[in-house]
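The values are calculated or read from the model by the stated rules, or taken from the named source; none is laboratory data. Since this is a predicted model, take the numbers as computed values, not measurements. Here the Cβ positions follow ideal geometry from the backbone for every residue, glycine too, while neighbour counts run over all protein chains shown. SASA here: full protein model, heavy atoms, side chains in, ligands and nucleic acids out. Shrake-Rupley method; radii C 1.70, N 1.55, O 1.52, S 1.80 Å.
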Amino acid sequence: MKSMIKKLLLIIAIPLILWGCAAKPLPDLIWPEPPDIPRIKYVKSFYGSEDVKESSVVKNIVLGSGAGYWIKKPMGIHVDDGGKIFVTDTAAADVYVLDPVNRTATSLSGMGVQSMSKPISVATDHYQGRIFISDSLNNRVRVVDKTGRLIADLQADEPFKMPSGVAVDNLYKKVYVSDTRHHNVKVFDLDTLKYLKTIGKRGKEDGEFNFPSHLAVDSKGFLYVSDTQNGRYQVFDNEGRFVRRVGEFGDAPGMFGRPKGIAVDSEGHVYVADAAFNVVEIFDDEGRFLMAFSGYGTDRGQTILPAGIAIDGNDYIYMVDSWSHRVEVFEYLGDKHKAREVAGIKSFPPEKPQGKK
């Protein structure tokens, strides 16, 4: 009887609490600042499973919130065709799967994937939904199906030595893995998972690497490699031929301190997260510097030690903020944003995905 009375009093008090705690809407965060035309807009942050699950303040107070997880030390990120966000967490030795479209959350360990020690990057393929996870401590790249069942470990011409970046080319059906301490990129067949060849070697010349890390593939099959300890990123065609290198060490716009995550939007712009300067730099498809956004701090839209970055088919940008244990979401205000405005779609995530590169 007493517990029922307490719940009744809570239900009566909740509207008053919510009314008293209601905060004014925060102003939009955009880059660049006026009077320039805005190109990037901050959307929201994810700190854990409860940020995507369907819940309410009333439900949580009366019934209690369900068990979930908080992101501890995120490193890599990937968004699949359906809008699921995969986040590698090196402290938890797990990969979280956040689904803001269907309002659910799980993890690969919760799906039965075992023996992950330090997952760095994650990627999926369009055709079968297979999940590729690089584990730098165990020196392997695991391939599991969408239910979490182990399919294989990728086998190259030599054992991996701290694999980090993973990217899937669905157009030319290839899988790329940056083999960081071997200073090269291994290439595998997407269908058979067989090793095909190696791109690069240690060095500073075109097509050579010094501790390569994160990878990305664009809609035309070009490979982008974050050449971290050379202070640049490099671009290769689908046959592994060198195309261009962009950037160098320095503190001027278009230069890098420690380039990490790399991604490409639907219009060909290249985004590079710099873990030293705590910004994301944007370049055009020819490597010309355009602008930067974010900056040092723990407030919304800011970052400390950014790592992985991913862009979905709607040109939403997902950046890992390692220090603040979160994933921040931004929006590129380009053609797809304008199409959403015309269609009257303003919420995140969009009601209907517009496709994925």
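The lone criterion from (1) open to solvent by 50 Å² or more (accessible area, probe 1.4 Å); (2) more than 23 Å from Pro74 (Cβ to Cβ); (3) out of contact with any Lys or Arg (no Cβ under 6 Å at 6 or more places or on another chain) left unmet by Gln229 is number (2).
When you scan region 305-351, how many residues do you find that are of a type outside the set (Asp, Glu) and closer than 16 Å to Asp80 by Cβ? Write out each step before concluding.
From region 305-351, those of a type outside the set (Asp, Glu) are 305-311, 313-314, 316-320, 322-327, 329-330, 332-334, 336-340, 342-350; that's our starting set.
With closer than 16 Å to Asp80 by Cβ added as a condition, the list becomes 308-311, 313-314, 316-318, 327, 329, 349-350.
So the count comes out to 13.
Of all residues in region 168-192, which are in contact with a strand residue (DSSP E or B) (Cβ under 6 Å, 6 or more places away or on another chain), open to solvent by 10 Å² or more (accessible area, probe 1.4 Å) and of a type in the set (A, V, I, L, M)? Matches in region 168-192: Val168 only.
Please verify whether Lys338 is in contact (Cβ under 8 Å) with a residue 24 or more places away in the chain and out of contact with any Cys (no Cβ under 8 Å at 6 or more places or on another chain), treating the condition exactly as stated. Lay out the reasoning, then the answer.
Values: in contact (Cβ under 8 Å) with a residue 24 or more places away in the chain: no; out of contact with any Cys (no Cβ under 8 Å at 6 or more places or on another chain): yes.
The answer is no for Lys338.
Across region 273-301, the number of residues qualifying as of a type outside the set (Gly, Ala, Ser) and crowded, with 19+ Cβ neighbours inside 10 Å comes to 9. The residue that is nearest to Val166 (Cα to Cα), among those in region 243-265 that are open to solvent by 10 Å² or more (accessible area, probe 1.4 Å) and in contact with a Ser or Thr (Cβ under 7 Å, 6 or more places away or on another chain), is Lys260.
With the structure loaded, tell me whether Phe222 is open to solvent by 30 Å² or more (accessible area, probe 1.4 Å), under 22 Å from Asp265 (Cβ atoms), out of contact with any Leu (no Cβ under 7 Å at 6 or more places or on another chain) and of a type in the set (Phe, Trp, Tyr) or whether it fails that test. The answer is yes for Phe222. Here the condition is being in contact with a Gly (Cβ under 8 Å, 6 or more places away or on another chain) and aliphatic (A, V, I, L, M); of Val225, Val217, Val168, it holds for Val225 alone. Is it true that Val52 is under 20 Å from Lys346 (Cα atoms) and either modelled with pLDDT of 95 or more or touching an Asp or Glu at 6+ places or on another chain (Cβ under 6 Å) (or both)? Spelling it out, it is not the case that Val52 is under 20 Å from Lys346 (Cα atoms) and either modelled with pLDDT of 95 or more or touching an Asp or Glu at 6+ places or on another chain (Cβ under 6 Å) (or both). Residues that are under 11 Å from Thr88 (Cβ atoms), without any contact (Cβ under 8 Å) to a residue 40 or more places away in the chain and open to solvent by 10 Å² or more (accessible area, probe 1.4 Å) within region 108-145 comprise Met116, Lys118, listed in sequence order.
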